[in-house]
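Engineer: My questions will all concern the structure given below.
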Amino acid sequence: MSRPTTRNKNKRQRPEDSDESSSKILRKIHSTGEITQDDIHHLYLIWKPVCQGCRVNSKDSPNCFCGLIPPPNGARKSGLWQKMSDIVVALGPDPCKDLRSCPNSPAGLTNLGATCYANSIVQCLYMNTSFRSGVFSLEPDLLKQHPVLDQLAQLFAQLHASEMAFIDSAPFIKTLELDNGVQQDSHEFLTLFLSLLERSLSHSKVCKARTIVQDLFRGRVSHVTRCSMCGKDSEASSTMEDFYELELNIKGFNNLDESLEDYLSVEELHGENQYFCESCGKRVDATRCIKLRSLPTVLNFQLKRCVFLPKTTTKKKITSAFSFRRQLNMTRRLSDHSQSELIYDLSAILIHKGTAVDSGHYVAHIKDEFDGHWWEFDDEHVSKLGIHPFGEGPSTVKSEPIVQPACSEQLGSVVNGNPINIAPPSSPDISIGSCQEIFSSTDAYMLMYTHRHDKENSGKLGPRNFKDALPSHLSKEIEELNVSYVSACQEYKLKKDRLVQNIKEHREEVRLLLSEAPVNSLEERCFWISTDWLRQWADVVTPPTIDNTPIQCLHGRVPISKVGTMKRVSNKAWHQLLSKYGGGPELSSDDYCIDCLKDGAKTMVCIDNYRDRRASMKELAEAALAGTCLEGNLYYISKAWLLQWIRRKNIDTPCDADSGPTASLRCPHGELLPEQAVGAKRLLVPENLWLFLCESATAVKADDPLGCSPFPLDSETCTLCNKELTQVASLEDSLRAAKIKQRQNHEKLFQGKSIPLSPGSRYHLLPSSWLSKWRTYITSSGKNVSSSVEPDSLDDILDSLKCDKHSRLLERPLDLTCKRGVIVQRISATDGLTIITESDWKCFCEEWKVPEGKGIYAEIYYSCTANKLAGSCEEMPLLESQLDPSVDEVNGELESKEPIIKTNPEICEYCIGERESSELTRKLNYYDEDICVFLVHGKEAPRSVLEASGTISESDRRTSKRSRRTSGGNSINLKVSGSTSIYQLKMMIWESFGVVKENQTLHKGSREIEGESATLADMNIFPGDVLWVTDSEIHENRDIADELSKQKMDLQQAEEGFRGTLLTSNLLFQG
């Protein structure tokens, strides 16, 4: 059993047959004036069946409703049928997404641009429950007097009890007067911020809050200097100094224990550094060290990852791994060991991501004091890490936990796929038999340890949902914010639910109505509706009222011309739409416009008649072009116009292009233009073709009779135009003859051939640029003989060659060469003066009306000196009588002597020097021009690159803007100016090729370009020059963004740090 074919099931039918039958019906209506119901059904395409699944909404059928909605489970990019998630976006951001995932999870802080350093420190302070409770205990009157304390308390309250997942830090940053676009150092911010808090809190009446900074963060050290002879300490050794963090060197050290040992190590003072002992009364050897006198509750270690490189005078970040313990025993580090055991637990890690010192990103890993879990605070994003500071799974960028047991078992453990070798504990901070965890990071910037005893006994503030812990003035404000936020979430959810419900209902309505819209019989009552409105109704969330005015004619009915823009819907579907959306007008199946139908029939018959007539006239026009239709009365028309008329296709009525068949043949005097005139080519056409063309032209432009002026076969051409053309032709003939004569008189000079020169002979000099224009001028002797540009007057050119001040020459003759005893001059089309013979000069004087005595004379001599211009320097010329003409000596003696040119008048070196100097200055002051840079792989550049780099550039030479790959490397064109520095050029090369500027070695030809402060003009680098660069690969690669950030910081004077902010205002006032 064969399968039924379905290939043409949904294929759109070709309209040719329908158009032919429609044409017959319209002709019948035009001839008889009778219109039947069948005629209306056919012309309005009502007879077409209801379309089923053609996928596109057909304009050829008013019964096609396909394509108005997508297929089931389909979607569109916009409108009613796009994905629901995309439609909901119009409501704006969903505030529910900013809701905390868990009531007890910490909140984040917004980054205002470059405020991650402040966010990380604030989170570390907030997560310390003792410090948090101290801030919450401040009296309201004090908060009103100190805006920083007020904003800090409000920020802590929001972090503690707000329903939002992240808090806006803008009020706090603004109060501190920080620049949110400049990255700062987090350690410096913490130091200044604690100092500011300490001064502000000193005014508090709450004892616990007044000294909270000192109680938590302040320790004491002393710098002890001890005499090696008498063993006594200096008087200054007993002086105690406060510290809020210990700054530890990490360069050359692997872990925190080594850095602490270095910090507390003993320094020997001897030689020039000897110490003057008061007891001994002389300079003696001594030792110096730092001793820890007391330790704070929160012990901060600042890891000095920033080092200064004297060679490059830049700062560099140390990115080597650094290890630190989860637990730290500081008992033996104190100078007084009588205190109880001091065990510290790791509580926070401040991390600096990035390779540059002046840029990057700060995040904080902080341990929750309630459950012991670690959290990562990355501005707005807060994520749970688990029991390890760097997470349970794969580590973050360049940071990973290393679990190192100090007990004797499992010394060769593997963590995160990285094997490590574990040694038994040797540090005094660890007791044998205990287990320790050690973590390692390449980005850890600050470590915070909390004293275990103080942490266990501190007055803890409850979890976040324990709102009674907040003071009333803060809890009331937080409750109002939470109510407002929850209300916004509920309002958004209500809007979303309402929108989704409306969309679902409208989609269901569209599907239902489109299923009821088709009309199944010709006799059933129906209504016409605009396709544009129907498509809009089926595709927008909120449809407008019905608008059928676009498908109405002037008579208020439905014209046949609108069949492709309207649909035929059932009586039920129409009244459902009308009752819900209103509008109109109502156009039923009886509202056919008979008047428009008859007018359309008349128009169609006229179109068909015009097509038929034009087809027959086209045959006559083609015969006229072939010259085979020259019977009867004939008329001239433009040949070009007729060719264009024949080429046009599918013409139903006359158009603008049909006007003016003889416009180009009519002269300004109203008569027939001579055929030799430009654009006056014509041909003869029969009278019936002429009448048709004239009729068409008049129908288009009835007010332009001149464009259709008749010119019968016996028309005479305009005598005035004939006379003018004859005179022009005579002048052109004379000009053509004069040019031919000049070419004959100056045959070698015209051909650009070198002239053999003889010593002692007299020659003349002319500018090479003028000769080049003269050659171009006399070469054009064809039809464009009169259109060629005549060179400037030779008399004026000769005057311009002499300076006004000294009456000497402002140009130099071109160089001479001597090969095999023959002297010739170098050829150039633009530069210098060219030697011509005496006969050429006399002919030029006659042809260009120049006095013979006005010429510039030149003589050739041999000289043993290097100077070639005898007119501008002193030399010892060799006269012709001194030359030995024998063939044997020519190749020997003459090759050792150089030919020189002596001019009259002489060359003015002074004026030429001034002009060249000003031209060089102008050339160096270029702007936004191209130079080409090759990246060469290897130490030596290819020969092609060396030759291109050593060639003198042309400033107007066009170069490609694309990067090109060659056999020796890559090349690119860069936009530069004369004021561009070598440093800026290297930055462009860094951005283009990825070669750091310290590794770039720049060359122009064989010359190396050194330094970075000089400009391109200083180094004689001009537009179009070719440079080449090599990569030394000495310095390590880094991101160009770091260098750009450094530039920005330099421009903003970043060394001032927090100067101008509230953090330093009190210090400046006190100073």
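The values are calculated or read from the model by the stated rules, or taken from the named source; none is laboratory data. All values derive from a computational prediction rather than experimental measurement. With ideal geometry, Cβ positions are generated from the backbone for all residues, glycine too; neighbour counts draw on all protein chains shown. With ligands, DNA and RNA removed, areas are computed over all heavy atoms of the protein, side chains included. Shrake-Rupley method; radii C 1.70, N 1.55, O 1.52, S 1.80 Å.
Engineer: Which of the following residues is without any contact (Cβ under 8 Å) to a residue 60 or more places away in the chain, open to solvent by 50 Å² or more (accessible area, probe 1.4 Å) and in contact with a Phe, Trp or Tyr (Cβ under 8 Å, 6 or more places away or on another chain): Lys232, Lys282, Lys304? First the steps, then the outcome.
Structural biologist: On the way: Lys232 fails: in contact with a Phe, Trp or Tyr (Cβ under 8 Å, 6 or more places away or on another chain); Lys304 fails: in contact with a Phe, Trp or Tyr (Cβ under 8 Å, 6 or more places away or on another chain).
Within the list Lys232, Lys282, Lys304, the selection yields Lys282.
Engineer: Scanning the range 325-380 for residues that are open to solvent by 10 Å² or more (accessible area, probe 1.4 Å) and in contact with a Pro (Cβ under 6 Å, 6 or more places away or on another chain), which turns out modelled with the highest pLDDT?
Structural biologist: Filtering the range 325-380 for residues that are open to solvent by 10 Å² or more (accessible area, probe 1.4 Å) and in contact with a Pro (Cβ under 6 Å, 6 or more places away or on another chain), the one modelled with the highest pLDDT comes out as Trp375.
Engineer: Is it fair to say Ile318 is open to solvent by less than 50 Å² (accessible area, probe 1.4 Å), at pLDDT 85 or above, among the β-branched types (Val, Ile, Thr) and in contact with a Leu (Cβ under 8 Å, 6 or more places away or on another chain)? First the steps, then the outcome.
Structural biologist: On the way: open to solvent by less than 50 Å² (accessible area, probe 1.4 Å): yes; at pLDDT 85 or above: yes; among the β-branched types (Val, Ile, Thr): yes; in contact with a Leu (Cβ under 8 Å, 6 or more places away or on another chain): no.
Taking the combined requirement at face value, the residue does not satisfy it.
Engineer: Looking at the range 674-692, which of its residues are open to solvent by 60 Å² or more (accessible area, probe 1.4 Å) and either touching a residue at least 60 places away in the same chain (Cβ under 8 Å) or under 14 Å from Gly632 (Cβ atoms) (or both)?
Structural biologist: Filtering the range 674-692 down to residues open to solvent by 60 Å² or more (accessible area, probe 1.4 Å) leaves 675-676, 678, 681, 687-688, 691.
Result: Glu687, Asn688, Leu691.
Engineer: Part of a helix (DSSP H, G or I) and of a type in the set (Asp, Glu): does that describe Asp39?
Structural biologist: Yes: the conditions hold for Asp39.
Engineer: What is the residue count in the range 455-490 for residues that are surrounded by 12 or more Cβ atoms within 10 Å (Cβ to Cβ), closer than 17 Å to Ile212 by Cβ and at pLDDT below 60?
Structural biologist: Total satisfying the criteria: 4.
Engineer: Sort out which residues of the range 199-215 are buried (at least 21 other Cβ atoms within 10 Å of the Cβ) and outside any helix (DSSP H, G or I), and write them in order of number.
Structural biologist: Result: Ser204, single match.
Engineer: Scan (1) of a type in the set (Ser, Thr, Tyr); (2) outside any loop (DSSP other than H, G, I, E, B); (3) open to solvent by less than 50 Å² (accessible area, probe 1.4 Å) for the single condition Ser61 breaks and write down its number.
Structural biologist: With (1) of a type in the set (Ser, Thr, Tyr); (2) outside any loop (DSSP other than H, G, I, E, B); (3) open to solvent by less than 50 Å² (accessible area, probe 1.4 Å) applied to Ser61, the lone miss is (2).
Engineer: What are the pairs, 6+ residues apart or on separate chains, where a residue within the range 896-910 that is part of a helix (DSSP H, G or I) has its Cβ under 6 Å from a residue that is of a type outside the set (Lys, Arg) and open to solvent by 10 Å² or more (accessible area, probe 1.4 Å)?
Structural biologist: Matching pairs, first to second residue: Glu909/Ser872.
Engineer: I need a count of the residues in the range 581-600 that are touching a Gly at 6+ places or on another chain (Cβ under 9 Å) and in a helix (DSSP H, G or I).
Structural biologist: Residues that pass the stated criteria total 1.
Engineer: I want to confirm something. Restricting to the range 491-539 and keeping residues that are among the aliphatic types (A, V, I, L, M) and under 20 Å from Pro71 (Cβ atoms), which single residue is most open to solvent (accessible area, probe 1.4 Å)?
Structural biologist: Pass one, the range 491-539, residues among the aliphatic types (A, V, I, L, M): 494, 499-500, 503, 510, 512-514, 517, 519, 522, 529, 534, 538.
This time we only want the ones that are under 20 Å from Pro71 (Cβ atoms), so: 503, 510, 512-514, 517, 534, 538.
Numbers: Ile503: 0, Val510: 0, Leu512: 93, Leu513: 10, Leu514: 24, Ala517: 5, Leu534: 5, Ala538: 0 Å².
It comes out as Leu512.
Engineer: How many residues, within the range 106-130, are open to solvent by 10 Å² or more (accessible area, probe 1.4 Å) and not in a helix (DSSP H, G or I)?
Structural biologist: 8
Engineer: Right, something else. Would you tally the residues in the range 166-198 being open to solvent by 50 Å² or more (accessible area, probe 1.4 Å) and either of a type outside the set (S, T, N, Q) or assigned to a helix (DSSP H, G or I) (or both)?
Structural biologist: Kept after step one, since they are open to solvent by 50 Å² or more (accessible area, probe 1.4 Å), are these residues of the range 166-198: 166, 168, 171, 174, 177, 179-180, 188, 191.
From what is left, the residues that are either of a type outside the set (S, T, N, Q) or assigned to a helix (DSSP H, G or I) (or both) are 166, 168, 171, 174, 177, 179, 188, 191.
Residues that pass the stated criteria total 8.
Engineer: State whether one or more residues within the range 739-758 are free of Cβ contacts under 8 Å to residues at least 40 places away in the same chain, under 30 Å from Ser793 (Cβ atoms) and open to solvent by less than 60 Å² (accessible area, probe 1.4 Å).
Structural biologist: Yes; the residues of the range 739-758 include at least one that is free of Cβ contacts under 8 Å to residues at least 40 places away in the same chain, under 30 Å from Ser793 (Cβ atoms) and open to solvent by less than 60 Å² (accessible area, probe 1.4 Å).
Engineer: While we're here: So in the range 166-188, with the set limited to residues that are of a type in the set (S, T, N, Q) and within 15 Å of Leu152 (Cα to Cα), which one is farthest from the chain's Cα centre (by Cα)? Show your work before the answer.
Structural biologist: Kept after step one, since they are of a type in the set (S, T, N, Q), are these residues of the range 166-188: 169, 175, 180, 183-184, 186.
Still in the running and within 15 Å of Leu152 (Cα to Cα): 169, 175.
On the way: Ser169: 32, Thr175: 36 Å.
Out of the qualifying residues, it is Thr175.
Engineer: Kindly indicate whether Val563 is surrounded by 13 or more Cβ atoms within 10 Å (Cβ to Cβ), among the aliphatic types (A, V, I, L, M) and part of a strand (DSSP E or B). Spell out the reasoning first.
Structural biologist: Working: surrounded by 13 or more Cβ atoms within 10 Å (Cβ to Cβ): yes; among the aliphatic types (A, V, I, L, M): yes; part of a strand (DSSP E or B): no.
No, not satisfied.
Engineer: Let me ask another. Taking into account only those residues within the range 700-711 that are surrounded by 18 or more Cβ atoms within 10 Å (Cβ to Cβ) and assigned to a loop (DSSP other than H, G, I, E, B), which is modelled with the highest pLDDT?
Structural biologist: Phe711
Engineer: Which count do you get for residues in the range 645-663 that are in a loop (DSSP other than H, G, I, E, B) and either in contact (Cβ under 8 Å) with a residue 12 or more places away in the chain or within 21 Å of Ala680 (Cβ to Cβ) (or both)? Walk me through how you get there before you give the answer.
Structural biologist: Kept after step one, since they are in a loop (DSSP other than H, G, I, E, B), are these residues of the range 645-663: 648-655, 659-662.
From what's left, either in contact (Cβ under 8 Å) with a residue 12 or more places away in the chain or within 21 Å of Ala680 (Cβ to Cβ) (or both): 651-655, 659-662.
Residues flagged as in a loop (DSSP other than H, G, I, E, B) and either in contact (Cβ under 8 Å) with a residue 12 or more places away in the chain or within 21 Å of Ala680 (Cβ to Cβ) (or both) within the range 645-663 amount to 9.
Engineer: Additional query: Please go through the range 486-535 and pick out each residue that is in a loop (DSSP other than H, G, I, E, B) and among the aliphatic types (A, V, I, L, M).
Structural biologist: Initial filter on the range 486-535 (in a loop (DSSP other than H, G, I, E, B)): 517-525.
Listed by number, the residues that qualify are Ala517, Val519, Leu522.
Engineer: Name the pairs whose Cβ atoms lie under 8 Å apart, with the first residue in the range 797-818 and under 14 Å from Ala858 (Cα atoms) and open to solvent by less than 70 Å² (accessible area, probe 1.4 Å), the second acidic (Asp, Glu) and at pLDDT 85 or above, and 6 or more positions between them or separate chains?
Structural biologist: Leu809/Glu906
Engineer: Kindly evaluate Leu642 against the criterion of being on the phi < 0 side of the Ramachandran plot, assigned to a helix (DSSP H, G or I) and buried (at least 18 other Cβ atoms within 10 Å of the Cβ).
Structural biologist: yes
Engineer: Among the residues of the range 888-895, are any open to solvent by less than 50 Å² (accessible area, probe 1.4 Å), at pLDDT below 85, outside any loop (DSSP other than H, G, I, E, B) and β-branched (Val, Ile, Thr)?
Structural biologist: Yes - at least one qualifying residue is present in the range 888-895.
Engineer: What residue, among those in the range 70-103 that are more than 37 Å from the chain's Cα centre (by Cα) and open to solvent by 80 Å² or more (accessible area, probe 1.4 Å), is farthest from Lys493 (Cα to Cα)? Explain how you work it out, then say what you get.
Structural biologist: Narrowing the range 70-103 to residues more than 37 Å from the chain's Cα centre (by Cα): 70-73, 100-103.
If we keep only those that are open to solvent by 80 Å² or more (accessible area, probe 1.4 Å) too, we end up with 71-73, 101.
Details: Pro71: 29, Pro72: 27, Asn73: 25, Ser101: 17 Å.
Here the residue is Pro71.
Engineer: Here is a check on your reading of the model: is Ala697 assigned to a helix (DSSP H, G or I) and open to solvent by 40 Å² or more (accessible area, probe 1.4 Å)?
Structural biologist: Values: assigned to a helix (DSSP H, G or I): yes; open to solvent by 40 Å² or more (accessible area, probe 1.4 Å): no.
Spelling it out, it is not the case that Ala697 is assigned to a helix (DSSP H, G or I) and open to solvent by 40 Å² or more (accessible area, probe 1.4 Å).
Engineer: List the pairs whose first member sits in the range 912-929 and is part of a loop (DSSP other than H, G, I, E, B), whose second member is open to solvent by less than 70 Å² (accessible area, probe 1.4 Å) and among the polar types (S, T, N, Q), and whose Cβ atoms are under 8 Å apart, counting only residues at least 6 apart or on separate chains?
Structural biologist: Tyr926/Ser977; Tyr927/Ser977; Asp928/Ser977
Engineer: Which of the residues that make up the range 540-556 are over 48 Å from the mean Cα position of the chain (by Cα) and loosely packed, with under 12 Cβ neighbours inside 10 Å?
Structural biologist: Leu554, Gly556
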